[in-house]
1. Take the Cα of B:T182, step 7 Å along the line toward its Cβ, and report every residue of the stretch B:308-332 whose backbone nitrogen sits under 17 Å from that point.
2. Calculate how many DSSP beta bridges within chain A are antiparallel, expressed in % of all such bridges and rounded to the nearest 5.
3. Could you check the simple spin-label distance between B:S2 and A:E74, using points 7 Å along Cα→Cβ, in nm with one decimal?
4. With +1 on each Lys and Arg Cβ and -1 on each Asp and Glu Cβ, and nothing else charged, work out how big the dipole of the stretch A:2-223 is about its Cα centre, in Debye to the nearest 20.
5. Is the stretch B:199-250 best put as rounded, prolate or oblate by its Cα gyration tensor, with a ≥ b ≥ c the root eigenvalues, rounded for a/c under 1.5, and otherwise prolate when a/b is larger than b/c, oblate when not?
6. Provide the percentage of antiparallel DSSP beta bridges, counting only those with both residues in the stretch A:161-229; round to the nearest 5.
7. Under DSSP H, which helices of chain B have Cα atoms covering 20 Å or more of the helix axis and a Kyte-Doolittle average no less than -1.0?
8. Could you compute how fast the stretch A:2-223 diffuses translationally, taking Rh as the Kirkwood radius over C-alpha pairs and applying Stokes-Einstein at 37 °C with viscosity 0.692 mPa s? Give it in µm² per second.
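Only the coordinates and a few stated rules stand behind these numbers; no lab work does. Given the structure is predicted, the values throughout are model-derived calculations rather than measurements. So basically every Cβ, Gly included, is an ideal-geometry build from the backbone, and we count neighbours across all protein chains shown.
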Amino acid sequence: MQAIDVAKTLGRGAGRVQALKGVSLSLAGGELAMLMGPSGSGKTTLLSILGCILSPTSGTVRVCGQPTAGMKPEDIAKLRRENVGFIFQSYHLFPTLNAVDNVRIALDVRGEISQTAVAKAKEALATVGLSHKVKSFPLSLSGGEQQRVAIARAIVGNPSAILADEPTSALDSENGQAIMKVLAQIAKQQARGVLVVSHDPRIVPFADRIIRIEDGRIVGEETGGARLN
Amino acid sequence: MSLIFKLAWRNLVYDRLRFVATLTGIVFSIVLVTVQMGLFMSFERMVSEMIDHAAADLWIVPLGTKCFEDPSLVDERQRFRALSVAGVTEALPVVIGFAQWRLPTSGTTPVFIVGSDTRGGALRPWNVVEGNADDLATPGAVVIDQTYFDRLGTKGLGAGAEIRDQKAEVVAVTKGIRAFTTTPYVFTSLDRARAYVGTPPDKASYFLVRLAPNADAEIIRNRLRRILTDSEVLTTAEFRRRSESFWLFGTGAGAALFAGALLGLIVGTVIVAQTLYSSTKDHINEFATLRAIGSSASYIYKVIIHQAILSAAVGFFIAAAIGLKIVDATADSALPVVITPVMSLGLFALTVVMCVLSAIAAIVQVMRIDPAVVFTR
């Protein structure tokens, strides 16, 4: 996953804001990178562009080597569902579906509707330590458990990259650490690129690389102290 | 179970109160349409019932006849001319017309007399549940339908009556022979009918033409048309269509029924559309999440369409149960609601179409979803 000299302007007229000003970034398989910066620095905009949810005003985005410029919305959606897993700050689980169905839906949108999909969803839940909660509904799960279900949904389709937007901000320290541990394991053991947007310094030790962004520009990059334990 | 189906169903029942409101809208709409269409079917049957039960290959009717109940007359000479055409075996007279039935208390009520040569079997009463229609050959005998006992102030079989100041006696009772005009039919012999209605002996309302086996009805009809004057020659199907057209559309009765049905459909569509729209709005984050995780637009449309179809199916099931109760309750009334299997299938299709059309507003809303909202909510 690669962004080359990406710029993004949001809004119109007087509300026009240049959220990104020539950002270049790449995410390799097997690494957990953190994108840190203050509010309004462009973290989430960059994440959205890398995840092909937003298109850049200028610059190039490549997913698995494929440039996204000029692609039709449905082709972009296909690229997204086959290559990118998302984890959101507010989990965005389906309250009417149980855990296994919340995970399975990521396969369902890809057309995988057989019993294998159920087995894969259960396996993904087992990966995040929730094999005992497959039939639980989101409202009966704690925040940490909901986020684990969201992680399972992100990884079940075996995407090459996982993009997480503030995955620990709604969680207490213990749960936040546990979630980051899971993400780090996924990056290392499943050789996926994981990009975590956060301004939570407590999770820095889990990162292989820390990218700092301010005012729409990358202002620094450092190697993290990645740890699994 | 398909996840689309499950998601659609769970979205629907998630807010039970709203689901009940949706179902109420659909049920109200479909019951209204069912009743209107049921009445239309019933009227359509009633309008052509006499024509369909007459043993005729062709009808000789007065020129310009609009329906079976049209009181115009045709001259007896036409009958003899018809009988002169090769292939015509019989031309049986039928006399119809309004008369006054004297009530046992006081006053009179209008009845519609149907008289024919009972031995020839031109237009005999059917569905006889009491007595014997053959007894119409006895003087003053009449056959009435049990639906109209109260209206005619009679207890049925064996009861005496007075029509146009002439004695009559109920010799048989039928079930389900009801008139579109709500004026009770009274079957009698040809002579009595002439007496009750005041038709001269050299006139009749219709002549029912019967053809020899293997005779070509079209050729004979053309021959009859050439030799008959002041009359028309119609096939049963033509006469039925003409009657239906007059009563259902010429009088505006059919249009009123259709207007009621259309109103029901509009109300139902608006209610379902409003509910699906607000349901979609409530679940907009979930649809945005679906879009963000890469679902195609068609996947989301399918969820909404499934919601619409599920609403339609449940709503129709309840409406059908109510409809059957109405059919049962009105079966013996003067104005029965008729539902046929074909009509039921049509109504189900109509319900589905109505609900799917209602989903358009919700789909338009979903088309505007920006998946990026998942990062801000």
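1. B:330-332
2. Numbers: 19 of 37 bridges.
Restricted to chain A, the bridges split so that about 50 percent are antiparallel.
3. 1.8 nm
4. On the way: 25 positive and 20 negative charges, 77 e Å.
Once rounded to the nearest 20, the dipole reads 360 debye.
5. Details: a/c = 1.95, a/b = 1.20, b/c = 1.62.
Here the stretch B:199-250 falls in the oblate category.
6. Numbers: 6 of 11 bridges.
Restricted to the stretch A:161-229, the bridges split so that about 55 percent are antiparallel.
7. Values: long enough: B:16-53 (51 Å, 1.01); B:253-282 (44 Å, 1.22); B:297-330 (48 Å, 1.41); B:341-367 (38 Å, 2.21).
Result, helices passing both filters: B:16-53, B:253-282, B:297-330, B:341-367.
8. Values: Rh = 17.7 Å.
It comes out at roughly 186 µm²/s.
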